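Visitor: Got a structure for you, questions after.
The values are calculated or read from the model by the stated rules, or taken from the named source; none is laboratory data. Nothing here was measured: the structure is a model prediction, and the numbers come from that model. Counting neighbours? That spans all protein chains shown, and the Cβs are built from the backbone with ideal geometry, glycine included.
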Amino acid sequence: MKKGFTLAEVLVTLGIIGVVAALTIPTLVQNHKKHVYVNQLKKTYSAVSQGLAKALVDNNASTLVETRLFNNGSAIPFFQQYFKTALICNKGNLSACIDEHGYMSIDGNENHPILRGGYTDCAVLSDGAIVCILADFINSNIENLFIDINGKKKPNVAGRDYFALMIKNDGTIDTVIDGDGHGHYDFSNIDEYNAFSKIMYDGWQMKY
């Protein structure tokens, strides 16, 4: 006599598999999305860092002001020379590059980083990422850098696909660490300003 599984046993097994899949697949999908976000962030961050470093070398300059690429508070010359761009916008037409009113905090509240930061110029890079800079190094040593790793695409959530950093006049990017300067960090509230630091602190992982 040949032995086999009964229909009831097969149905029970399939039911268990279905329950396990229903519980695990959403988590796997979410983790995959976070992995994609982090990889895109690294790519854009690296591109901006390399652009700033190259600008200093090409112009034999010690500061970004000396490169004359940010004169009159404009970052457009910098974008034009060191990036492959699909579109460049200034403060008068930022909406062509970015959804100025479509952002929100990770807690679901409305968040308008472009309006709050007063960014002057934005560039849509060839890969779809958006980089905005408030270029006023003459009056300040540090200026705002805004990165949206996937352009106008959703989710447009702080710490997921958009981040706020700071560019120093020496060409380095300040990751805006949310801590006391002695290795003690408080990441209880993630926003666009400390999300990058949290990702780096966790070994380039989005654990929140």
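Visitor: If L94 satisfies all but one of (1) modelled with pLDDT of 90 or more; (2) in contact with a Cys (Cβ under 9 Å, 6 or more places away or on another chain), what's the number of the condition it fails?
Guide: All conditions pass for L94, except number (1).
Visitor: Quick check on H112: is it modelled with pLDDT under 75 and surrounded by fewer than 16 Cβ atoms within 10 Å (Cβ to Cβ)?
Guide: In short, no.
Visitor: All but one of (1) buried (at least 17 other Cβ atoms within 10 Å of the Cβ); (2) under 17 Å from K168 (Cα atoms) hold for N71, so report the exception by its number.
Guide: (1)
Visitor: Could you check the stretch 191-208 and list, in sequence order, the residues that are free of Cβ contacts under 8 Å to residues at least 40 places away in the same chain and part of a loop (DSSP other than H, G, I, E, B)?
Guide: Y193, N194, D202, G203, K207, listed by residue number.
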